[in-house]
Amino acid sequence: MKNPITAMSSFRAAARPMFLVLLAAGICRYPAGAEPQAGIAPEQQQRLELMKSEGPEGSLTILPVRLAGKPWDRVTEVVGLMLEQKGLRNIELGKTPFAPADTNWESLPAAVGAFVKTNPITTGHALYAEFNGNRQTGLNELRAVVVDQTGAVVWTDRQTAQDAAFKRLGNPEPMTLSVLLAERLSPQLGLNEATAKAAKPGKMAAIMDERSGLPSENERAALPERQKTMKEALPGATLLVYPARIGGKEASVPSAANVVGMLNQAGLCKAIQAEEAMVLKTSLADPNEMKALWNLAREFRGFLQAHPPAADYALYADYAFNPQKPDQGFVHFVVCDRKGQWVIVDMQNSHHPDYQSIGVTSRAHCDDLLVKRLEGYLK
């Protein structure tokens, strides 16, 4: 199993899609709301109640989250997105990292308050969080402190491997710790299921969309209706299948022939092999896989708009695989109509059940997965 501290590139690439998967799976509904804090001073309790009363209208600056001792902007953004999804509307991301002088938990809240006094915030409150651990132990502690604009402590929380909520994480990773933090903090901000239902994408969602390379929400919203139209046109509609790009370098004519054969045998559509073995130029250098997928989709759309296909639809796929390691690779594909409009944009990697079910280690496995995914959309 991957050590979460040694897999930061994966976290960077997958933050947005993984968060959506966590939402769909209900993992963002831990029964982990922080218990009422016992023994806090009356003044702090008053500050906490005031923060709760503000609810979605409250404002929060999230100072850079420290992951294994280092500030990580991507983790900070994910925490912000999760709180936005819970209903908090006014979120800012702090630019200046707070570096604790020591690792003593008892002194941390006051140190965060002192930092905010010397580094003023424009919001009503500030959150500082740490996900602690090392290469040997993995992530084994969550610390969080909220102070108000004057630096006065409002809320603190610490979770370790001895705590029930932390134990439910199994093997803690940056994403699951971000979820846990949001779940425990949300009630203290006056957020609940009702505010989450009323939440709308805001600044944090825009940041994550930009990171991921996603097109606008309106562009994405048009895809289900186009898929419905394509499905209704089958099996008579024609699909032009271009040779898949392998490893970002070469076009595989055998792949196109294989996919065409499987689609026609399944009676899904009238598949036709493209004569042109083009290799799109979209780079794979960016570690953000979602961004690479949508850049590929944009390039294929532009190609078809400049070279309209002699078919109702056209398909282009992008493969990467390791013959020895099925967890290293991906299958991306894009289907457009004859106008070049996106119909299907699909990403599969080792995080997805369909990919896992095939155990992709070859070009033929990639072809099998592509056809399986296409059938899922269109049957």
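The values are calculated or read from the model by the stated rules, or taken from the named source; none is laboratory data. Since we're looking at a predicted model, the values are computed, not measured. Virtual Cβ from ideal backbone geometry, glycine too; neighbours counted across all protein chains shown.
Remarks
- For the stretch 238-276, a tally of residues being polar (S, T, N, Q) and in a loop (DSSP other than H, G, I, E, B) returns 0.
- In the stretch 224-234, the count of residues that are farther than 15 Å from VAL334 by Cα and aliphatic (A, V, I, L, M) is one or more.
- Cβ pairs under 7 Å, 6+ apart, first in the stretch 87-112 and within 25 Å of THR160 (Cβ to Cβ), second of a type in the set (A, V, I, L, M, F, W, C) and at pLDDT below 95: ALA111/ALA101
- Every condition in (1) loosely packed, with under 15 Cβ neighbours inside 10 Å; (2) touching a strand residue (DSSP E or B) at 6+ places or on another chain (Cβ under 9 Å); (3) in contact (Cβ under 8 Å) with a residue 12 or more places away in the chain is met by ARG220 except one, and the failing one is (3).
- Any chance VAL345 is without any contact (Cβ under 8 Å) to a residue 60 or more places away in the chain, aliphatic (A, V, I, L, M) and either assigned by TED's automatic domain parsing to the domain that holds ARG226 or touching a Gly at 6+ places or on another chain (Cβ under 9 Å) (or both): no
- Within the stretch 261-304, the set of residues being farther than 24 Å from THR238 by Cα and among the small types (Gly, Ala, Ser) comprises SER283, ALA285, ALA292.
- Qualifying residue in the stretch 150-167 (condition: touching a residue at least 40 places away in the same chain (Cβ under 8 Å), touching a Lys or Arg at 6+ places or on another chain (Cβ under 6 Å) and not aliphatic (A, V, I, L, M)): yes
- Residue in the stretch 301-323 that is among the basic types (Lys, Arg), buried (at least 17 other Cβ atoms within 10 Å of the Cβ), under 25 Å from SER216 (Cα atoms) and modelled with pLDDT of 95 or more present: yes
- Total residues in the stretch 244-279, condition under 29 Å from the mean Cα position of the chain (by Cα) and either surrounded by 19 or more Cβ atoms within 10 Å (Cβ to Cβ) or without any contact (Cβ under 8 Å) to a residue 12 or more places away in the chain (or both): 2
- Among residues that are surrounded by fewer than 18 Cβ atoms within 10 Å (Cβ to Cβ) and in a loop (DSSP other than H, G, I, E, B), PRO235 is included.
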